[in-house]
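See below for the structure under consideration.
Values in this text are rule-based calculations from the coordinates and carry no lab data. All of these numbers come straight from a predicted model, not from anything done at the bench. Positions of Cβ are backbone-derived with ideal geometry, glycine not excepted, and every protein chain shown enters the neighbour counts.
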Amino acid sequence: MSWQGWVFMLSAWTLFTALLLYCFYRILFANSGQGREED
Amino acid sequence: MASNGETREHWGTRIGLVLAMAGNAIGLGNFLRFPGQAAANGGGAFLIPYFICLLLMAIPLMWLEWTQGRYGGVRGHGTTPAMFQLMWRHPIAKYLGVLGLFIPTLILFYYSYIGSWTLGFSIKTLLGQMPHVSQAQLHEGMTAEEISQTVLQPYSDFLGKYSGDTGSGYLLQPDAFTLGVFVVVYLLTLWLMARGVSGGIEALAKIAMPLLFLLAIGLVVRVFTLGHPVSPEYGVMEGIAFLWEPKWFVERDGKEVFVLLDSKTWLAAAGQVFFSLSLGMGAIQCYASYLRRKDDVTLTGLSTTASNSFAEVVLGASIALPAASAFFGVAAAQMIASKGSFYLGFVSMPAIFSFLPAGNILGFLWFLLLFFAAMTSVVAMCQPVIAFLEDEFGLSRRRAVAAMGVFWLIGVQFAIWVKGGIDVYDFWSGTFGPPLMALVEVIILMWIFGGEKVWQEMHEGALLRVPRFFYYCAKYVTPLFLLAILGTWFYENVIHALLTGELFTRPLEAAGLEVGWHIWAVRGFVILVFVLQVFAIWYAWNVRKSMQRAEVLPE
């Protein structure tokens, strides 16, 4: 695969993996009590 | 009839909600449609329109739909007829919201049936009842046509037999096993739906989604360790290169065109983003209506997008097509991708698994992965009609599920027995409906209800501050984008089709189907569903009006 192919693939993989990990980290470990209305 | 959101069900946990929303979005399209679309539209270069569509259209729409859903939910309404009416006090608003019932209903009619095939295929694979072709039949230098006619033909025939597409008539003849498996999926879904949002949908997502990701990662690892099973020239990396190498020029009607200036590539990217994220279907609003007033919508909405894109770009692109390339070579993999999602998932993959040690187990896991992906989307398509019956007609959960079940059972018959029934349903609900619905909702939200009010509502209890860029995007760029998509669709399917005399035949005959009375029967049923749902909205609002009058003027 040419360097262009590697750049496209690794950029896309990094972007979406990082976004997924960031979102799940924030949901699971950060701000977990914020914005929750008690029943 | 619910008049406020206090009596409505709620999601049990935030992670359960995120997994359910991800389950709604992640479906067969992530694992079967995305690799084919990318391969046919410029490979790595396809990622540029894909990412732009995601950024300028999908992410803003995702936040808008979540916001609208929560807004309606806390006021006691889970479907778009009432949500549109709440945001636009015009009598027509509620009727525009019919799209949020009509689209998921049509998708449910055919998607649930295709979803049942994945379960059927997983059982058949585990029991060793799939065709078996020896790897000795494969050798380097076989043309794509030779591979298709020798190695893949038994699997293609098997799929035809499974779906009952064996004769030349208008009707399909699936066998008892196919129908039995659908009944299992149907009853399982009804049981889950009757258990409610938290006890059914969320419980399913908490089990199915982690398993789906684990199965997908496991299969990616297996594909990447395939090596060169047939020839040193054929390998996984050749498939990966085929998929990711940017091709700046693609062939369209015999001409080479620059991929970023090609409308078909942009439409393919927009279609992929739309269908795979379940946008413009009313399903996201419905799920979001079970949020509490101060529950976050920005971070959780973004999580849905991230999960979906990760599933298709990282996992979906790394299984079926690279595996096909390792066994059949890049040229044949290209041919397989061009034959569509079914061919890739139900024909090529079982053939590949039959060559591998423990292929029965791997094949079983592949179809189980697809089954989980399908099931979590099927329950999402059921929910809007159930919520409508509960919220607007005051039906109990069980009665609403039973009524939806009867309606579903009638509608699915056209997908099961009529050749082309699935294509007719897909044409209206998968290509035309979602962009139209999205355009309507973005105009109601950003232009009629008011962009600033939406922005404020979106940030109630938000865990993520959305950059102001997305406000302007949602107000100006997203509607223009949607208008461009609908305009192109209208030109291709109406104007161009009228000029060439293909108005009533175009999408179906292109797919090799004959347009006979059977297709008109399905189209008639589609119109009937639409009219019935419009009537249901009219009736619900009329009953409510009479009740309100009775309250104001007691005898």
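Remarks
- Relative packing of peptides B:218-225, B:441-448 - highest average C-beta neighbours within 10 Å first: B:441-448, B:218-225
- Each listed q (0.06, 0.12 Å⁻¹) maps to a log10 I(q)/I(0) for the protein assembly as shown from the Debye sum over equal C-alpha point scatterers, namely -0.29, -1.25.
- Per-residue mean of foreign Cβ neighbours for B:314-327 is 1 (Cβ atoms of other chains, 10 Å radius).
- Amide H contacts for B:V418 (H built 1.01 Å from N in the peptide plane; partners 5 or more residues away or on another chain; cut-off under 5 Å): B:L172.
- Based on DSSP H segments of at least four residues, each scored -39500 (n - 2.57), the protein assembly as shown has a per-residue ellipticity at 222 nm of -20000 deg cm²/dmol.
- Of the peptides B:247-256, B:462-471, the order by per-residue mean of other Cβ atoms within 10 Å, starting with the highest, comes out as B:462-471, B:247-256.
- Peptide B:298-306, shielding by other chains (average Cβ, 10 Å cutoff): 5
- The listed peptides A:8-15, B:421-428, ordered by packing as a protection proxy, come out as B:421-428, A:8-15 (highest mean of other Cβ atoms within 10 Å first).
- Anisotropy class assigned to chain B is prolate, per the alpha carbon gyration tensor with a/c at or over the 1.5 cut-off and a/b larger than b/c.
- Sites B:Q153 and B:S546, calculated FRET efficiency, Cβ-Cβ separation with R0 60 Å, nearest 0.05: 0.45
- Two numbers describe the Cα atoms of the stretch B:87-239: Rg and Dmax, which are 21.6, 69 Å.
- The ranking of B:K453, B:K124 from fewest to most other beta carbons within 10 Å of each one's beta carbon is B:K453, B:K124.
- Set B:K124/B:K339; B:K94/B:K264; B:K124/B:K247; B:K161/B:K264; B:K161/B:K339; B:K206/B:K475 screened for pairs whose C-alpha atoms are more than 30 Å apart: B:K94/B:K264; B:K124/B:K247; B:K161/B:K264; B:K206/B:K475
- Whole-Å distance, taken between Cα centres, linking the stretch B:127-148 and the stretch B:34-108: 42
- Counting 0.36 nm for each residue step from B:V477 to B:Y491 and taking away their Cα separation leaves a gain of 2.9 nm.
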